[in-house]
1. Scanning for something polar (S, T, N, Q) and loosely packed, with under 10 Cβ neighbours inside 10 Å, does region 18-36 turn up at least one residue?
2. State all residues of region 49-69 that are modelled with pLDDT under 90 and open to solvent by 90 Å² or more (accessible area, probe 1.4 Å); if no residue qualifies, say none.
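The values are calculated or read from the model by the stated rules, or taken from the named source; none is laboratory data. Model, not experiment: these values are computed from the prediction. Every residue, glycine among them, receives a Cβ derived from its backbone with ideal geometry; neighbour counts consider all protein chains shown. In case anyone asks, the SASA skips ligands and DNA or RNA and just uses the protein heavy atoms, side chains included. Shrake-Rupley method; radii C 1.70, N 1.55, O 1.52, S 1.80 Å.
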Amino acid sequence: METISSLIYTIIVGSIFIFIFIFLYDWLFGEKQEKQIRKIHKYFHKDQVQKVEMLEHQPKKFTMYKVKTESETKRVKIKPGYKVINIVKKKEPSR
């Protein structure tokens, strides 16, 4: 019984340290482009994504992508934490 509880404790503490290590590594060395593209595909799950092109990258601030779907082309900004923000075109002021 003592061995089993020791084993369970080791697994729990080890998994917490692994999770913290992965989080810190991702925070220190930025986000991976493959994960960002997967997040874009998940965000546009209703539309068929044809092409994803990186426009601008500022580490630890944002990455801007141009996403081409069957119906339209959109510009998308991804902030840290893989948060997707749509860029809306500004309308011309009417005179």
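1. To start, the set of residues in region 18-36 that are polar (S, T, N, Q) comprises 33, 36.
Next, only the ones that are loosely packed, with under 10 Cβ neighbours inside 10 Å stay: none.
So far as region 18-36 goes, no, none of its residues is polar (S, T, N, Q) and loosely packed, with under 10 Cβ neighbours inside 10 Å.
2. The answer is His57, Pro59, Lys60, Lys61.
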